[in-house]
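K.L.:
To start, I am sharing the structure in question, which I have written as structure tokens.
The values are calculated or read from the model by the stated rules, or taken from the named source; none is laboratory data. Since the structure is predicted, the reported quantities are computational estimates derived from the model, not experimental observations. Every residue, glycine as well, gets a Cβ built from its backbone with ideal geometry; the counts of neighbours run over all protein chains shown. Heavy atoms of the whole protein, side chains included, go into the accessibility calculation; ligands, DNA and RNA do not. Shrake-Rupley method; radii C 1.70, N 1.55, O 1.52, S 1.80 Å.
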Amino acid sequence: SLVFQAVFNLLIPDHSADAFSPPRLAPPGPWDALVERLLGGLGRWDAEHFLFIAERGYLFEHNCAFLPLFPLSLRALAGAGLWPPQLQPRSRLLLSAALLNSLLSVLAAAALYGLGRAVLRRRGEAFLAALLFSLSPANVFMAAAYSESLFAFLAFSAMWQLEKGQSWLSALLFSLAAGARANGLINAGFFLYSRGKRFALQLQVGSASLRKLPVLWKQVLTLVFSAALTCAGIFLPFALFQYYAYVRFCGPGTALDETVPKPLLQLARDKGYRVAGMGGAKPPWCSQRFPVVYSYIQDAYWNVGFLRYFELRQIPNFLLALPVTLLGSWAAWTYVSTNPRHCLTLGLERSKSEETGKARDGFCGTAAFVYVVHATALLAFGFSCMHVQVLTRFLGSSSPVLYWFPAHLLQEHEPLLWSTGTDSPSSGKPLLGISPSSCGKRTPDNLVLRLLLNWRLITPLSKSILGFFLCYWLLGLILHCNFFPWT
């Protein structure tokens, strides 16, 4: 991804986009120019906000739509002394973003693999899902100076730890995720469901426990207190940041304009940006009963709201979001139609297969229920309330279902993944991408690479799935890195 974005950025002229683009305050040196040539594609669109915040803090009001964990991580890495001192801050931040997100993407894939093994209980399907994550249709945002890689790593790791019974470690990771992206708040639902399901299953063990009402009430109160404490911990980073924004933009002026460079003040005047510490009239959100700057920015700056994006001129963006919308809807329908009773009882009823230890595994297994609900909720919210084109990266960094379900379809419907030999049954020719046998045993191979190298032999369904992943991976690098509209 890093190599391709550099090549495309050199070959294709940048589009003149109406996006946040703060002026460069000092002429770049030769090393800065080299870094910009090689990694400039990582600093497009919202990445400009993250890089600006990491360098100068939350100077403009609309910067507060981007939560602080990722910019703080960039600033810490850029100041760690890893880079030549003659580089300007932006160059050090670009290098830090490339290094940090490369590492976090690998760790997120490993966490997804561990989570898949715990939930799906099929090692091959979990491994295939992790490989698909490495070819994610949101891959350009995993590489660019965005918070997607950080959030995916924290969210998938938290889900994995929760499956392993490590509740407090999981809560800490979910809390950090909520400091990286606002949609991390919905992850509190995993804790609530886990505690509620455990309590519901305990009640079904026997009727004797129902006779001990004092003990039952004590368990209920303990459950409520524990759930409330955990949710408060997950919400804490987001709440603290809202308080920070309130103090910074709603407090008395501090004559900050004397320390802000004149080009940035001129940019604020030209674009109508509100600058922190400038005094004057307070922003409208300051007088709200619960002053939340995040929701105000989404509403006032980007017109985000229920069905606001449903306009004829947005049809191209709906088409961009169509593949992931269809995939998410198909995943939800497949799961519900396979497990109707389990879905109607919200997974709170102990089934006979669970009692006998023969519960279904794989994507359609009972353990995947809460993840399908989570993915469906994100899909419905994103489709109806957000800029719909961001659905691909929104789901790609938040939900394992976007990778589990395609892995399930490939495992179920692709004959090349069923074969244990090295010959294609249809052509009799050796399949490409399969490791040679060693001492009578085949070594594991990259299943996605095997399918891509044998493109002509795979089914139309496999071509559709891999085509979606591969096309969005490549188009994202071409378009996003040159300031063209993308997801």
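K.L.:
Testing residue 9 on (1) more than 26 Å from residue 240 (Cα to Cα); (2) without any contact (Cβ under 8 Å) to a residue 60 or more places away in the chain, one condition comes back false. Which one is that?
P.N.:
(2)
K.L.:
Can you tell me which residues in the range 3-45 are farther than 19 Å from residue 93 by Cβ, assigned to a helix (DSSP H, G or I) and of a type in the set (Val, Ile, Thr)?
P.N.:
The answer is 3, 7.
K.L.:
Follow-up. Is it the case, given these coordinates, that residue 43 is modelled with pLDDT under 95 and either touching a strand residue (DSSP E or B) at 6+ places or on another chain (Cβ under 7 Å) or at positive phi (or both)?
P.N.:
So residue 43 does not fit the description; no.
K.L.:
Since residue 73 meets every condition but one in (1) open to solvent by 30 Å² or more (accessible area, probe 1.4 Å); (2) more than 29 Å from residue 276 (Cα to Cα); (3) modelled with pLDDT of 95 or more, which condition does it not meet?
P.N.:
(2)
K.L.:
What are the pairs with Cβ atoms under 6 angstrom where one residue, in the range 260-277, is over 18 Å from residue 297 (Cα atoms) and the other, located anywhere, is surrounded by fewer than 12 Cβ atoms within 10 Å (Cβ to Cβ)? Sequence gap at least six, or different chains.
P.N.:
Listed pairs, sorted by first residue: 263/23.
K.L.:
What is the residue count in the range 452-472 for residues that are assigned to a helix (DSSP H, G or I) and either open to solvent by less than 40 Å² (accessible area, probe 1.4 Å) or in the same structural domain as residue 38 (by the TED database) (or both)?
P.N.:
Within the range 452-472, residues that are assigned to a helix (DSSP H, G or I) and either open to solvent by less than 40 Å² (accessible area, probe 1.4 Å) or in the same structural domain as residue 38 (by the TED database) (or both) number 7.
K.L.:
Does any residue of the range 88-96 turn out to be under 20 Å from the mean Cα position of the chain (by Cα), of a type in the set (S, T, N, Q), assigned to a helix (DSSP H, G or I) and under 26 Å from residue 401 (Cα atoms)?
P.N.:
Among the residues of the range 88-96, not one is under 20 Å from the mean Cα position of the chain (by Cα), of a type in the set (S, T, N, Q), assigned to a helix (DSSP H, G or I) and under 26 Å from residue 401 (Cα atoms), which makes the answer no.
K.L.:
Those residues that are at pLDDT below 90 and among the hydrophobic types (A, V, I, L, M, F, W, C), I need them from the range 11-40; list them, please.
P.N.:
17, 19, 20, 25, 26
K.L.:
Related question: Would you check if there is a residue in the range 145-160 being closer than 23 Å to residue 42 by Cβ, surrounded by fewer than 23 Cβ atoms within 10 Å (Cβ to Cβ) and at pLDDT 95 or above?
P.N.:
No: the range 145-160 contains no residue that is closer than 23 Å to residue 42 by Cβ, surrounded by fewer than 23 Cβ atoms within 10 Å (Cβ to Cβ) and at pLDDT 95 or above.
K.L.:
So, residue 103, is that one among the aliphatic types (A, V, I, L, M), modelled with pLDDT of 95 or more and out of contact with any helix residue (DSSP H, G or I) (no Cβ under 6 Å at 6 or more places or on another chain) or not?
P.N.:
yes
K.L.:
Please pick out the residue among 133, 60 that is outside the structural domain of residue 450 (by the TED database), at pLDDT below 95 and open to solvent by less than 20 Å² (accessible area, probe 1.4 Å).
P.N.:
60
K.L.:
OK, next. Among residues belonging to the range 143-193 that are in contact (Cβ under 8 Å) with a residue 40 or more places away in the chain and not in a helix (DSSP H, G or I), point out the one that is farthest from the chain's Cα centre (by Cα).
P.N.:
Going through the qualifying residues, I end up with 164.
K.L.:
Next question, about the same structure. Every residue in the range 383-410 that is farther than 18 Å from residue 106 by Cα, among the small types (Gly, Ala, Ser) and buried (at least 23 other Cβ atoms within 10 Å of the Cβ), please.
P.N.:
407
K.L.:
Taking the range 329-365 as the search range and keeping residues that are out of contact with any helix residue (DSSP H, G or I) (no Cβ under 9 Å at 6 or more places or on another chain) and under 19 Å from residue 410 (Cβ atoms), which one is modelled with the lowest pLDDT?
P.N.:
Taking the candidates together, the pick is 338.
K.L.:
Among the numbered conditions (1) farther than 23 Å from residue 140 by Cβ; (2) in a helix (DSSP H, G or I); (3) open to solvent by 10 Å² or more (accessible area, probe 1.4 Å), tell me where residue 80 comes up short.
P.N.:
(2)
K.L.:
Have a look at 229, 326, 240 and point out the one that is open to solvent by 60 Å² or more (accessible area, probe 1.4 Å), assigned by the TED database to the domain that holds residue 20 and at pLDDT 95 or above.
P.N.:
The unique qualifying residue is 240.
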